[in-house]
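The structure appears right after this line, and notes come after that.
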Amino acid sequence: MSEKGMNLTLKIWRQKDSKSKGKMETYPVTNISEHMSFLEMLDVLNEQLVEEGKEPVAFDHDCREGICGMCSLHINGEAHGPDRRVTTCQLHMRMFNDGDTIHIEPWRAKAFPVIKDLIVDRSAFDRIQHAGGFISVNTSGNTIDANAIPIEKEDADEAFNAATCIGCGACVASCKNASAMLFVGAKISQFSLLPQGQVEAKNRALNMVKQMDLEGFGNCTNTGACEVQCPKGISLDNIARMNRDFLSASVKK
Amino acid sequence: MALSGLFLIVFLLQHFSINLMSVFSADLFNEVSHFMGTNSVIQYALQPVLIFGVIFHLTMGMYLEAKNRGARPQKYAYNKAGASASWMSRNMIITGIMVMLFLGLHFYDFWFPEIKIKFIDGDWSGMENGAYRYWDHTHHKFVDPIRVGLYCAAFVFLALHLLHGFQSAFQSMGWRHQKYTPVVEKVGYAYAIIIPLGFIVIALYHHLIH
């Protein structure tokens, strides 16, 4: 039994490379199943473009099950689209209606320059992690089993929740200031809540915040958009914790 | 930003308390205004701190806005910002500038004349025609309906600014707690509505009893 697919108009940001000036282009797609994921719909478009001898639309993707943090589309004015607590790859076409026009853009931030079409360079996040998102563990053979250190359940849960951040950048994309504080707050919190993270606690907050500023991200004005648009539901608690850690480390410096 | 904002919130409460006295007793308002206007600690220690707090808050607000705008040089062609953040939180610069413009008028009306009388004319008596001038001066300013309208409009912008600013200041300082943050938010909403509304009522009172 066949079901009638949706006919959609896609308005997509096309940009040849990082140096070129991009623009929005319009593409019609037909017979799109409501059961398709958003990325499968883009696959259909790309097959169509290849058949027409045109350049397919470049977009980031990897696991397509919401855990890798690679997909990164700003869909109809929202990071990862109109659904909540999902990444673009988990967004289904049932969220749209036949005849809809869908606007698709890359994340917009000075710190996330466009590489091509919908792909942005998110290596700024890697450099922030390198600045302090780690713990020093002795691997000489005397390593203590992490489970040997008792940790309060609430702290373990909160650290785990912070660690579920997949670093997709939706927080930056949805923030009016292109601030990365939810990401940095989560990456600081996942260590600062645990005893293993205390050795570098002071420098971690200072160094990661410093790197965040160097990358050109904006400053948090507590609009809360990041928390709403985060596919993993990372809480604003993490930004407050980062602010506390940063303020206390600045005073003790 | 947050610290100066919290400081101004405390100042606003004090300002409101004294203004409210003008509704209940002209004599009490005159006494308190004279004390505030002539006390050395208030004039030479607290007033400069307040001026610094206002200037710092304004300057930092505009600096942050400029920096944050620079963090996204290429805007979205299609953006639905209202889907995830309140209008108040996204437009602090607009409500802030409106309050700043109001401060210009407010200083012109009250602060500059006070400074002139005390520091240029050298008259620290607070008297005019044998009686304290504070209540009469205040009352007289609210005869003009256009001025009353401007004051009321400014208080609406102040309310919008505080609706986000109050709880935002706590978050920026890292003061967030599962139990206390909902209380802070409720107190913030109450403060943001009651205080500006109170200022509006006081302005209308002086206009209507004239």
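Of the residues B:A81, B:A77, B:A66, the single one that is within 14 Å of chain A (Cβ to nearest Cβ) and in contact with a Ser or Thr (Cβ under 9 Å, 6 or more places away or on another chain) is B:A81.
Considering B:K75, B:K67, the condition of being part of a helix (DSSP H, G or I) and of a type in the set (K, R) is satisfied by B:K67 alone.
Within the range A:163-182, the residues that satisfy the criterion of being more than 14 Å from chain B (Cβ to nearest Cβ) and crowded, with 23+ Cβ neighbours inside 10 Å are A:C165, A:C168. Are any of the residues in the range A:38-60 under 15 Å from A:D100 (Cα atoms), hydrophobic (A, V, I, L, M, F, W, C) and outside any helix (DSSP H, G or I)? Checking the range A:38-60: not a single residue is under 15 Å from A:D100 (Cα atoms), hydrophobic (A, V, I, L, M, F, W, C) and outside any helix (DSSP H, G or I).
Annotation note: of A:S189, A:S123, the sole residue that is hydroxyl-bearing (S, T, Y) and within 13 Å of another protein chain (Cβ to nearest Cβ) is A:S189. One residue alone among B:H177, B:H210, B:H164 is within 14 Å of chain A (Cβ to nearest Cβ) and open to solvent by 50 Å² or more (accessible area, probe 1.4 Å), and that residue is B:H177. Checking every residue in the range A:210-218 against the condition of being more than 19 Å from A:R108 (Cβ to Cβ), touching a Phe, Trp or Tyr at 6+ places or on another chain (Cβ under 7 Å) and in the same structural domain as A:N177 (by TED's automatic domain parsing) gives zero matches. When A:N203 is tested against (1) more than 14 Å from chain B (Cβ to nearest Cβ); (2) buried (at least 19 other Cβ atoms within 10 Å of the Cβ), only condition (2) is not met. Condition check for B:L6 on (1) open to solvent by less than 40 Å² (accessible area, probe 1.4 Å); (2) over 14 Å from the mean Cα position of the chain (by Cα); (3) within 14 Å of chain A (Cβ to nearest Cβ): one failure, at (2).
Restricting the range B:114-135 to residues that are open to solvent by 60 Å² or more (accessible area, probe 1.4 Å) and of a type in the set (A, V, I, L, M), which is farthest from B:M21 (Cα to Cα)? Ranking the qualifying residues of the range B:114-135, first place goes to B:I120. The residues on offer are B:V99, B:V49, and the sole one that is modelled with pLDDT of 95 or more, more than 13 Å from chain A (Cβ to nearest Cβ) and surrounded by 15 or more Cβ atoms within 10 Å (Cβ to Cβ) is B:V99. For the range A:84-116, the tally of residues that are away from every other protein chain (no Cβ under 14 Å), on the phi > 0 side of the Ramachandran plot and of a type outside the set (G, A, S) stands at 0. Going by what's in this entry, would B:M62 be described as surrounded by fewer than 16 Cβ atoms within 10 Å (Cβ to Cβ), within 30 Å of A:W107 (Cα to Cα) and touching a residue at least 12 places away in the same chain (Cβ under 8 Å)? Against the criterion (surrounded by fewer than 16 Cβ atoms within 10 Å (Cβ to Cβ), within 30 Å of A:W107 (Cα to Cα) and touching a residue at least 12 places away in the same chain (Cβ under 8 Å)), B:M62 qualifies.
Among the residues of the range A:230-252 satisfying the criterion of being without any contact (Cβ under 8 Å) to a residue 60 or more places away in the chain and closer than 30 Å to B:I94 by Cα, which is surrounded by the most Cβ atoms within 10 Å (Cβ to Cβ)? Quick ask: steps written out before the conclusion?
Let us first name the residues in the range A:230-252 that are without any contact (Cβ under 8 Å) to a residue 60 or more places away in the chain, namely A:236, A:239-241, A:243-252.
Within this subset, residues satisfying the condition of being closer than 30 Å to B:I94 by Cα are A:236, A:239-241, A:243-244, A:246-247.
Numbers: A:L236: 20, A:I239: 29, A:A240: 22, A:R241: 22, A:N243: 23, A:R244: 17, A:F246: 21, A:L247: 14.
Once the filter is applied, the top-ranked residue is A:I239.
Kindly establish whether B:I193 is of a type in the set (A, V, I, L, M), within 19 Å of B:L8 (Cα to Cα) and open to solvent by 30 Å² or more (accessible area, probe 1.4 Å). So B:I193 passes the test. Only one of the numbered conditions (1) over 30 Å from A:T143 (Cα atoms); (2) without any contact (Cβ under 8 Å) to a residue 60 or more places away in the chain; (3) more than 9 Å from chain B (Cβ to nearest Cβ) is not met by A:Q198, and that is (1). Taken together, the criteria place B:H140 among residues that are assigned to a helix (DSSP H, G or I), without any contact (Cβ under 8 Å) to a residue 40 or more places away in the chain and either open to solvent by less than 20 Å² (accessible area, probe 1.4 Å) or more than 14 Å from chain A (Cβ to nearest Cβ) (or both).
If the condition is being more than 9 Å from every other protein chain (Cβ to nearest Cβ) and surrounded by fewer than 20 Cβ atoms within 10 Å (Cβ to Cβ), then the range B:180-190 contributes B:Y180, B:P182, B:V183, B:V184, B:E185, B:K186, B:V187, B:Y189, B:A190. Taken over the range A:178-192, the criterion of being in contact (Cβ under 8 Å) with a residue 40 or more places away in the chain and either closer than 18 Å to A:E154 by Cα or basic (K, R) (or both) is satisfied by A:G185, A:A186, A:K187, A:I188, A:S189, A:F191, A:S192.
Counting just the residues of the range A:206-229 that are within 10 Å of another protein chain (Cβ to nearest Cβ) and over 19 Å from B:A169 (Cα atoms), which one comes out surrounded by the fewest Cβ atoms within 10 Å (Cβ to Cβ)? Lay out the reasoning, then the answer.
Taking the range A:206-229 and keeping what is within 10 Å of another protein chain (Cβ to nearest Cβ), we get A:213, A:215-229.
Next, only the ones that are over 19 Å from B:A169 (Cα atoms) stay: A:213, A:215-217, A:228-229.
On the way: A:D213: 14, A:E215: 19, A:G216: 19, A:F217: 29, A:V228: 19, A:Q229: 23.
Selected residue: A:D213.
Take the residues in the range B:1-53 that are among the aromatic types (F, W, Y) and in contact (Cβ under 8 Å) with a residue 12 or more places away in the chain, then tell me which one is farthest from B:S125 (Cα to Cα). Restricting to residues being among the aromatic types (F, W, Y) and in contact (Cβ under 8 Å) with a residue 12 or more places away in the chain, the top hit is B:F7. Only one of the numbered conditions (1) open to solvent by 20 Å² or more (accessible area, probe 1.4 Å); (2) in contact with a strand residue (DSSP E or B) (Cβ under 7 Å, 6 or more places away or on another chain); (3) hydrophobic (A, V, I, L, M, F, W, C); (4) free of Cβ contacts under 8 Å to residues at least 60 places away in the same chain is violated by A:M24, and that is (4).
The values are calculated or read from the model by the stated rules, or taken from the named source; none is laboratory data. Because the structure is predicted, anything quoted here is derived from the model rather than measured. Please note: Cβ atoms are built from the backbone with ideal geometry, for glycine as well, and neighbour counts cover all protein chains shown. Remember, those area values only see protein heavy atoms, side chains included, never the ligands or the DNA or RNA. Shrake-Rupley method; radii C 1.70, N 1.55, O 1.52, S 1.80 Å.
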